[in-house]
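We did not get these values from a lab; they are worked out from the coordinates using the rules stated. Predicted, not measured: the structure shown is a model, and the values here were computed from it. Here the Cβ positions follow ideal geometry from the backbone for every residue, glycine too, while neighbour counts run over all protein chains shown.
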Amino acid sequence: MQKIALLYDASQAVLSTFDLDEVLRQILSIAQDFFHVQNVAILLLEKESQELVVRSQVGWQECNLRVPVGKGLTGTAAAQKRPIYSPDISRDPRYIPSQRQTRSEVAVPLMVRNEVLGVLDCQSDTVDHFDPETIDMLTLFSTQASMALQNAHLYSLERRRAQQLQAINSIAQQMTVVLELNELLHKVCVLIREAFSVDHVSVLLKEENHLVLRAHEGKLTLNNTEEGHAALEEGGWKRLLSQDRTLIESEIAGRGEAGELFGEARSRMRIPLVSFGLTLGILQLDSLRPHAFQPADEQTLESVADICATAIQNAQHVERVRQLAYIDGLTGIFNRRFFELRIIEEIERAKRFGAGMAMMMVDIDQFKRLNDEFGHLLGDEVLRQVASIFSQNLRKIDVVCRCGGEEFVILLSQTNAEHALQVAEKLRRIVETWQFSGVARPVTISVGVSTYPEYGNTRDELMKAADAAMYAAKQAGRNRVCLAPVQQMGASAP
Ligand code: GH3
Ligand code: MG
Ligand code: MG
């Protein structure tokens, strides 16, 4: 009776704290001191894998043990929900060897109501160390210990929930102020990683037929396969995006699978980013540990993903509006406003790298007559096709702008006069020979070329020189390419 009173007092101490590690420490110390056992371990049940995992122990040599429910003495105790005693483990086929000196073992399930939280496992160096009274006492103690464990667990859940709510709030506040898309995506990764202690966070967005890794942040190394592009037709992605459901993968096999972004990831959560019914992409969380993501976290992270999706959509709208301001409505190429921005940047770049640059001023010949003969609508179509010819026959880094009416300006970076003349001549010839449907005669262009630094150091000088060259081309009979007149530059002319 006195023993029970002592045990009761000790158990009260276990119940006085909400800190899980402290609870575990106290359970172990009572088991050791009160029941005189050398080796004690607390194994907690991992629900997803249905395995018992050693969470805390004294006297054990092997600490990373995982025991499936139903296996070994501990697994049997968890499966049968009752204490299992083996007075002589050498005769017990259920015993899984873990400690060399163990002779007898008792495994007591830690349960609240009918639910198993884990197992308290006591092992002794002597055969038949545990008498029925001790086992009863251990069982009694285990109910107190289970309650303490459950309290600590609920407390940590509550605290976690409160932290998560705070994180959602803070993420929402910080995101709504960022309108630049790339900056926003990066911020999404950083904030989520911080708030949820995830090893790696990535945002993949749909772009035409691909899902593109637009931002990522964390410890993992990116596989450089296709630089983060995945075709949307690929099975996994397509299914995920079409179902709009969060997917948790608890055990990823390991390195090298096709389509894997991060080779080291062992578990993963993928949450579709949906805003106003439109799936924009995927928020992906990766962990180096298996089973890092619990279904219990799904709702919180989905709320975060919703906030992100709305912010991303806003930023995409802003980006589109910003882009539209620089696009010519008729032809879809850049407009004069964009040209004014880029010419300054191009001159700066040419100055810094010393690689030169060229400007071409292009004007369609007798365009007024073409309008008069074939109508304004056909004139518009010719403008569109000429713009398209230019875009398709130049490098991606070249800038083609419609600067008004039937005039275009083209900037060629890292290009000298000789090369610029060749490019201009190529364009002139393509246009001259192009069959514009509905136009019964050739359409031609006149091109004036100037280059930095030979014909000017500033926007105005380069424009003036190219304009003069174009005027010269017109004067000389149109349908031709002219370099800026030498006299333009006086002493510094080539
Ligand atoms: P030149 O060979 O000397 O360049 O003769 P041109 O007729 O091309 O030159 P001009 O500057 O006299 O006429 C330009 C014409 O371009 C006048 C205008 O009607 C036409 N134009 C300007 N913008 C548009 C447009 O958006 N669509 C159409 N269809 N025509 C346009
Ligand atoms: Mg003109
Ligand atoms: Mg013209």
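The figures follow:
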{"item": "Charged-residue dipole, Cβ positions (Lys, Arg, Asp, Glu), the chain about Cα centre, Debye nearest 20", "result": "1100"}
{"item": "Backbone N under 17 Å from the R160 label point (7 Å along Cα→Cβ), restricted to the range 257-298", "result": "267-270, 285-298"}
{"item": "Projected-area mean, the range 336-488, by convex hull of Cα positions, square nanometres", "result": "8.4"}
{"item": "Crossing angle, helix 295-324 versus the chain [Cα axis fit, 0-90 degrees, rounded to tens]", "result": "10"}
{"item": "With Cα atoms, 0 to 90° folded angle of helix 181-196 axis to the chain main axis", "result": "10"}
{"item": "Shape of the range 2-155, Cα gyration tensor, a/c cut at 1.5", "result": "oblate"}
{"item": "Chymotrypsin sites (Phe, Trp or Tyr not before Pro) within the range 1-79, DSSP loop, no more than 13 other Cβ atoms inside 10 Å", "result": "none"}
{"item": "FRET efficiency, R459 to Q174 (Cβ-Cβ, R0 41 Å, nearest 0.05)", "result": "0.55"}
{"item": "Spacing of the two label points (7 Å from each Cα toward its C-beta) at F353 and Q392, in nm", "result": "2.7"}
{"item": "Coil-residue trypsin sites (Lys or Arg not before Pro) of the range 347-407, DSSP, other Cβ within 10 Å capped at 16", "result": "R395, K396"}
{"item": "Label point 7 Å beyond Cα of E133 along Cβ direction - residues of the range 4-22 with amide nitrogen under 16 Å", "result": "4-8"}
{"item": "Coil-residue trypsin sites (Lys or Arg not before Pro) of the range 83-134, DSSP, other Cβ within 10 Å capped at 10", "result": "R100, R113"}
{"item": "Computed E for Q366/Q323 - FRET, C-beta separation, R0 41 angstrom, nearest 0.05", "result": "0.80"}
{"item": "Residue-averaged 222 nm ellipticity for the chain, from DSSP H runs of 4+ at -39500 (n - 2.57), nearest 500", "result": "-15000 deg cm²/dmol"}
{"item": "Rounded tilt (10° steps) of 376-392 against the dominant C-alpha axis of the chain", "result": "60"}
{"item": "Partner lysines for K81 [C-alpha distance under 18 Å; skip if fewer than 8 residues away on the same chain]", "result": "K47, K71"}
